[in-house]
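The values are calculated or read from the model by the stated rules, or taken from the named source; none is laboratory data. Since this is a predicted model, take the numbers as computed values, not measurements. Positions of Cβ are generated from backbone atoms using ideal geometry, with glycine treated the same way; all protein chains shown enter the neighbour counts.
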């Protein structure tokens, strides 16, 4: 199992890095979790349901205000692109921020630019995270929300959580160049009733678009059923729906890959595993497996034995949301 830092050791590491980089003490700190999506994949941008879970893995931002009107940020992530330290002027009327290099800094610039409070003053900050980058566990969203939560202490906003989430999403769209998907308009036109696209529509759409739509519509229905199963503590039904979700992502949406299919198949061979599926955008990344605690060790062994690559495991339980951390 990979090292699981959580906010406390991560905070200590970030504070040490801040002292070394900026020769002073950080006075503000914030943390935001990563997440794993249990079910409801490629539905969020199609007006559908999702059922994610916050993780104990997350991102810490520590820092202090400065008087010189500049923003200086250091990331401790060895996976981030160079340079690991950036400096730029705080935005003001007529002089907005714009994206550039390094890429990791664009997420932070986007949040600062779209922050609902402010104006944002100069500050220095260190970012530390224990979420694997690009693994489908929302390292970018965690970075954005941790940054926003840090800014809320630096120059408070009205505290509207929906506005916060939307500002972070906008930051990713406009500064990190992560657009939303291929079927937004299609679904809004054809999916009002939640029923399957008719045979007549199938001939109009062509086979490929029909299968894409069938995944989205069936996944939205599966996610609603899964939420009810979870409320009923019916984990077997929830697990079966996870497997149906994976098969649909593999066959209809075609975003799985042989490695993800191998991981899911190996996990499902183990007694005590209720369900397993790919999670995240696809074409690599992570699988999520729902299992009894007693089956965890055997599931890891089976996957290591059967999987052709090298897998990293995270044993997770649900975590709380983003928060300011006391120093």
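Here are the numbers for the structure shown:
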item	result
Flag for residue 111 being touching a helix residue (DSSP H, G or I) at 6+ places or on another chain (Cβ under 9 Å), closer than 17 Å to residue 147 by Cβ and assigned to a strand (DSSP E or B)	no
Enumeration of residues in the stretch 114-168 that are more than 18 Å from residue 26 (Cβ to Cβ), touching a helix residue (DSSP H, G or I) at 6+ places or on another chain (Cβ under 7 Å) and in a helix (DSSP H, G or I)	114, 140, 141, 144, 145, 164, 167, 168
Residues of the stretch 313-327 satisfying the condition of being surrounded by 13 or more Cβ atoms within 10 Å (Cβ to Cβ), more than 16 Å from the chain's Cα centre (by Cα) and under 30 Å from residue 154 (Cα atoms)	323, 324, 325
Matching residues in the stretch 288-312 - criterion: being at pLDDT below 95 and within 23 Å of the chain's Cα centre (by Cα)	310, 311, 312
Residue tally, condition buried (at least 22 other Cβ atoms within 10 Å of the Cβ), under 9 Å from residue 303 (Cβ atoms) and touching a strand residue (DSSP E or B) at 6+ places or on another chain (Cβ under 8 Å), over the stretch 264-282	1
Criterion violated by residue 182 - all others in (1) at pLDDT below 85; (2) part of a loop (DSSP other than H, G, I, E, B); (3) surrounded by 14 or more Cβ atoms within 10 Å (Cβ to Cβ) satisfied	(3)
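Listed here are the residues, each with its yes/no results for (1) part of a loop (DSSP other than H, G, I, E, B); (2) over 30 Å from residue 207 (Cα atoms).
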{"position": "250", "(1), (2)": "no, no"}
{"position": "297", "(1), (2)": "no, yes"}
{"position": "304", "(1), (2)": "no, yes"}
{"position": "310", "(1), (2)": "yes, yes"}
{"position": "316", "(1), (2)": "yes, yes"}
{"position": "321", "(1), (2)": "yes, yes"}
